[in-house]
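Since every read-out is calculated from the coordinates, none of them should be taken as a lab result. This is a predicted model, so every value here is computed, not measured. Glycine gets a Cβ as well: all are built from the backbone with ideal geometry, and neighbour counts include every protein chain shown.
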Amino acid sequence: MTMVSRRGFIGGIGGCLCCGGSLQAAAPALDLAPLLDPGFRPADKDEKGLWQSLDRAERDIADSPLRVHDPALETYVGGVMGKLAPDYSGDIRCYIVRVPALNATMAPNGMLLVYSGALLRLRHEAGLATILGHECGHYLRRHQIASWRQTRGTTAWMAFLTIGLAIATGVVGGNNRREINAINNALALSIFRYRREQEAEADVYGVRLMAAAGYPPGAAADFWRDVIAEHDAATRMRGGRTGTPSLLLASHPSDSARLAALAKIVAKLGPQGDLGRAPWRQAMATHQLTFLDDQVKLNDPGASLTIIDRLAEDGWTGPLRYQQGEVHRLRGANDLAFVAFAAAVALPDAPALAHRAYGYGLLRKGQGEAGTAELRTYLAKAPDADDRAMVEFTLNQ
Amino acid sequence: MIRAIVLAALLLSACTTTKKVADRTFKPPDRPFTIVVFRPDIEAGQMTAGGLFEVRADWTQSAELNIAAALTAREAKRGGTLSIYADSTAEPPLRAQISEIVRLHRTVGMAVLRHKYSGAELPTKKRIFDWTLGPGTAPLVAATHADYALFVYARDSFSSGGRRALQVLGYAGCIVLACVAVPGGRLTAFASLVDLKTGQLVWFNVLGASVGDMRSKKGAARMVANLLDTFPEQPKPPPPAP
Amino acid sequence: MTVHRALATVLLLALAACAPRYHIVRGGVAATPAGALVVLPDAAWNRAPRSRDDLPVTQVWTRNGEALDRIVLIGGLRDGQAMVRQRSRASGRVPVFRADMAPQDIVAMIESQYRITAAASGFRTHGLFPDEFAGYLGFTVDYDFVLADAVPRKGRATGAVIGDRLYLLLFDAVAAHYFDAGLPSVERIAASAAVLE
């Protein structure tokens, strides 16, 4: 039942937010300078080619149905980027894409894609500044082209070694496949190590930009703490170990190292600035529940429940309780779902769908009268419900 | 991804250069027709020593210009008109419409490549070719003043210095009876013609071997001639009045 | 321009070398391997080769290629079973079917399946109504969504829970032309469905 590859879209075009980057013991210095000037245009052959391909990808994304076509939200995101890197605001263009994953990618031509899944996980403007600052770090330090060159060089070595050793084996005999594999693995790991170093640098650069723009740099540490907590919760609920299973991942220093290094920098920069909760809430008002719905339907309960709990820190609302119930309903935990739906309908801003879900829950428990009453409330609250015929059928049974 | 499928198609198609698949019932109109080319998808670059594709902007730009010139000249010689649609002069609604059609064509074109060229043959389509973009293309007849849209996809990679050295090393192995074949850069291309009135794909062709270096004018002309060798003919001009 | 892309190319080439086989399903009886759901196709469809994720009770048919149109027949999903096979470590798990699900729960399960296995974006359902399937009371629902290729698609699901098993016919296709072109045949196929006890 495979359809179109989910990796077909925007894969592999720039630095990514959550590639498992980490700060080493020796964190990059705080006084890194940008490696490009405002209005930068590439001069090298390989970089020009990369830009050209990306310009096309950008044209594709600009009018794609996957883009969240909300000029107000994009202007807001662009405005925060402008605060972080005022000299470069003419060079960076922000696009929001509706993909429920915690990610953002900055392409070297200045195309910044922020995934709806990343916005969903934020609670204030400073959180957004954390993501944008990090991506800006990739851009200003020209990480993508450097990374491409490193990969190109390393894979060339791998090819020469493989073929040279294959010929040598043909001449002297014997089997040296193990040696070839060992060397190639080491080279492949060097590519990942290089990218990790870039991630660490982008972290530091981002935090510095945040502080300069008047955001409390501590928000960056909070952001990564949330990411780690969500990841752990998701893994636990999947029944997996929170450790690092594969060889490749084992080569990554732990996330706690990243946090510790960030905390050190934050301490140096000192706490200051405004988190910007109000403007954030306003910018996301019409999107938050849509993005949450996209996340919940992925049936990744650990992650979804962590996100919902965090959004509920400002108080539980009907829609949040309803989505909490949906998480449990999808994973088959009907009793927990029932409790959440009951809580949702008790709140003044209960969404119509909560009444439907609670109604069917009551019917399943044999409470016919209460159940049909909830279903009637659902139809009254959502007169254009697309499943009206189905619900009326249930009511007439 | 398209590139991978085109490559796979080429690897499997036993033919040396081109193989045409088209709607056999298709008859071009008996009046001269006009063709518009939407966003030709062309990239030229080098294959790095490690076998990665690296786009070169200058090569791509000359390839684009050369192929556009070759297409226009070829059609003019045949008595037809061909224009290259320019995004820069189009109104935003038209631009969005064309994006939609280009994306749809990408998906349909990939299905054609997969099911006509890669061995994943659909038994119900053994002798028919009836893929279509649907009637949504009809408004473009008026908007672009064209009868047909031509879609062109081409990727040409040339072995970098490092890759050539690797190839030499592989061949050198033959001297000591340990040959290693190192694939070098290659050209992959396909083109398809869509009847804008109906949306039908009326002609489709895949090019598998390097027949011309599209970075040069001459090479691009040769490539276009090969790719379009079975292209629907323009009607013969009426005989001059006696 | 990444290692991943180069790797994907190599993998695709390797896969293409053993090209999948499609088989024709003409008028006649087609049944899922479990032998339970029987439909009579009125026109010629192609049965797609089994994919790794398909259950033994699943068949996929297409006319123009699965990326353009496809019918998915699921001939009897047991209580506790998901619509597709998944790696146990997958981050999003396709929800499992429960025999006591309301039609709305089944629709939510189908929607999650699209979102998880195909990365469907902007999935919307409309018009869920009670319908007969294989002679039993079931449901039909329409939906639309977008995949990574950014081409809008439409779908229709019709099915029923019969003897604690879910019998399902999904049809999804590119919204431009392919959905409307395939629908009449799909409707006749759905109407012909029968379940062998």
Review point. Using r as the Cβ-Cβ distance of B:Lys217 and A:Leu35, and R0 as 45 Å, what FRET efficiency do you calculate, to the nearest 0.05?
Key: 0.75
Study note, to complete from the structure: Any lysines whose Cα falls less than 18 Å from that of B:Lys126, other than same-chain ones fewer than 8 residues away, would be B:Lys19, B:Lys20, B:Lys116
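Report the trypsin sites (Lys or Arg not before Pro) located in the range B:95-150 that are in a DSSP loop and have at most 10 other Cβ atoms inside 10 Å of their Cβ, or state none. Before the final figure, lay out each step's value.
Numbers: sites: B:Arg95, B:Arg103, B:Arg106, B:Arg114, B:Lys116, B:Lys125, B:Lys126, B:Arg127; in loops: B:Lys126, B:Arg127.
Here the trypsin sites (Lys or Arg not before Pro) that fit, given the DSSP loop and packing criteria, are B:Lys126, B:Arg127.
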Exercise for review: Report, in degrees rounded to the nearest 10, the 0 to 90 angle that the Cα long axis of helix A:177-212 makes with the longest principal axis of chain A.
Suggested key: 70 degrees
Point to revise | Student exercise, the range B:65-147 dipole from Lys, Arg, Asp, Glu Cβ charges, in Debye to nearest 20 | key: 440 debye
Check your understanding: When the Karplus curve 6.51 cos²θ - 1.76 cosθ + 1.60 is applied with θ = phi - 60°, which whole-Hz ³J(HN,Hα) does each residue of the range B:126-136 get, with x for Gly and Pro?
Key -> 3, 10, 10, 9, 10, 5, 8, 9, x, x, x
Review point. Does anyone have the angle between helix A:125-140 and the longest principal axis of chain A? Alpha-carbon axes, 0 to 90°, nearest 10?
Key: 20 degrees
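Show that you can apply the helix-only estimate: for chain A, add -39,500 (n - 2.57) for every DSSP H stretch of four or more residues, divide by all residues, and state [θ] at 222 nm to the nearest 500.
Values: 17 runs with 247 residues, N = 397.
Mean residue ellipticity, 222 nm, calculated: -20000 deg cm²/dmol.
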Review point. Which residues' amide hydrogens lie under 5 Å from the amide hydrogen of C:Phe133, considering only partners 5 or more residues apart or on another chain, with H built in the peptide plane?
Key: C:Gly138
Exercise for review: Could you pull out every residue, at least 5 positions away or on a different chain, whose amide H is within less than 5 Å of the one on C:Arg98? Hs are placed 1.01 Å off N in the peptide plane, and Pro or chain starts have none.
Suggested key: C:Gly80
Point to revise | Cα centroid of the range B:69-102 to Cα centroid of the range C:91-166, whole Å | key: 41 Å
Practice item. Would you please give the residues with an amide H less than 5 Å from that of B:Leu196, counting only those at least 5 places away or on a separate chain, with H modeled from the backbone geometry? Key: B:Tyr148, B:Ala149
Exercise for review: For the range A:98-113, take each phi angle, set θ = phi - 60°, evaluate the Karplus expression 6.51 cos²θ - 1.76 cosθ + 1.60, and give the result in whole Hz per residue in order, putting x for glycine and proline.
Suggested key: 8, 10, x, 9, 7, 7, 8, 10, 10, 8, x, 7, x, 7, 10, 9
